[in-house]
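Visitor: Structure incoming, see below.
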Amino acid sequence: MVARSCEFESHPAHLNKKMTYKFAYVIFFLYLCTVFYFKSKIKYMKKSILALFMLVSVAASAQVENILGDWKTIDDKTGERRSVVAIYQGSDGLYYGKIAKMLVGEPGLKCTTCKDEDYNAPLEGLVIIRGMKFDAKANALTGGKVLDPESGKFYYGKIYTKDGKLVLRGSLDKAGLLGRNQTWER
C-alpha cells in the first residue's frame with residue numbers, strides 16, 4: 001500500500017477544470033431558476049393586482065349606475081315635483097347634473113338669480129350639479145358644487161341613494177354639517 005500525501009493548495013490552478021465548469025453551470029442554473037421564479041411571481045402579482053383593480057372598478061361602476069340617470073326633483077316645502085334632472089358622467093370623468101325638463105312654471109323660465117355665465121340662462125339645460133367625483137367608500141358623489149336656481153347660490157354637495165331614492169345634501173361647509181337634504185325620485 002502506497003501512502004499518498006494529501007496536499008491542498010488554495011491556488012485556483014490546482015482545481016479540476018471539470019469541477020469548475022460544473023460549479024459555474026450550477027450557479028448559472030440557480031440564477032436562472034431564481035430569476036424565472038421571481039419573474040413568474042411578479043407576473044402573477046401583476047395579474048392579481050389587475051384583476052383586483054378591474055373587480056373594484058366594476059363594483060364601483062355598478063354602484064354609481066344607481067345614481068346616474070333622470071331624477072324628479074321634489075320641493076321640500078310643498079312636496080310637488082318641480083323638474084327632471086339628468087345626472088351623467090362628463091368627458092372629464094366627473095359627474096354633472098342638468099335640468100332636462102321643467103315640470104312647473106312657464107316654458108322658457110330663466111335663472112335671474114344666478115351669477116356670471118349662468119345669469120339669465122334658461123332653466124332647462126342649466127347644469128346645477130358640477131364636478132362631482134364618485135367616492136366608492138361612501139358610495140356617493142362628492143366633492144363638487146350644487147347650484148340652487150332659486151337663490152343663485154352654490155353649495156357643497158353630496159349625492160347618494162337610499163331606498164331607491166336619491167338624496168342630495170347641499171351644505172355650506174365641505175363636511176356637510178350645515179345644510180339640508182333634498183330627496184328625489186325616479
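Visitor: Just give me the residues in the range 166-176 being within 15 Å of Gly97 (Cβ to Cβ) and either in contact with a helix residue (DSSP H, G or I) (Cβ under 6 Å, 6 or more places away or on another chain) or not aliphatic (A, V, I, L, M) (or both), in sequence order.
Guide: Matches in the range 166-176: Arg169, Gly170.
Residue-by-condition table, conditions (1) part of a loop (DSSP other than H, G, I, E, B); (2) aromatic (Phe, Trp, Tyr); (3) surrounded by fewer than 19 Cβ atoms within 10 Å (Cβ to Cβ); (4) modelled with pLDDT under 90:
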residue: Lys77; (1), (2), (3), (4): yes, no, yes, yes
residue: Gly97; (1), (2), (3), (4): no, no, no, no
residue: Gly108; (1), (2), (3), (4): yes, no, yes, yes
residue: Glu150; (1), (2), (3), (4): yes, no, yes, yes
residue: Gly157; (1), (2), (3), (4): no, no, no, no
residue: Gln182; (1), (2), (3), (4): no, no, yes, yes
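Visitor: If you don't mind, another one. Which residues, counting only those in the range 159-174, are touching a strand residue (DSSP E or B) at 6+ places or on another chain (Cβ under 6 Å), not hydrophobic (A, V, I, L, M, F, W, C) and not in a loop (DSSP other than H, G, I, E, B)?
Guide: Tyr160, Lys165, Arg169, Gly170, Ser171
Visitor: Could you say whether any residue in the range 165-186 is within 22 Å of the chain's Cα centre (by Cα), without any contact (Cβ under 8 Å) to a residue 60 or more places away in the chain and at positive phi?
Guide: Yes, the conditions are met somewhere in the range 165-186.
Visitor: For residues that are touching a residue at least 24 places away in the same chain (Cβ under 8 Å), among the aliphatic types (A, V, I, L, M) and not in a strand (DSSP E or B), tally how many sit in the range 123-148.
Guide: Residues flagged as touching a residue at least 24 places away in the same chain (Cβ under 8 Å), among the aliphatic types (A, V, I, L, M) and not in a strand (DSSP E or B) within the range 123-148 amount to 3.
Visitor: Report yes if Leu123 is on the phi < 0 side of the Ramachandran plot, under 32 Å from the mean Cα position of the chain (by Cα) and surrounded by fewer than 18 Cβ atoms within 10 Å (Cβ to Cβ), otherwise no.
Guide: When the stated conditions are applied, Leu123 does not pass them.
The values are calculated or read from the model by the stated rules, or taken from the named source; none is laboratory data. Keep in mind that this is a model prediction, so the values were computed, not measured. A quick note on method: Cβ atoms are made from the backbone with ideal geometry, for glycine too, and the neighbour counts reach across all protein chains shown.
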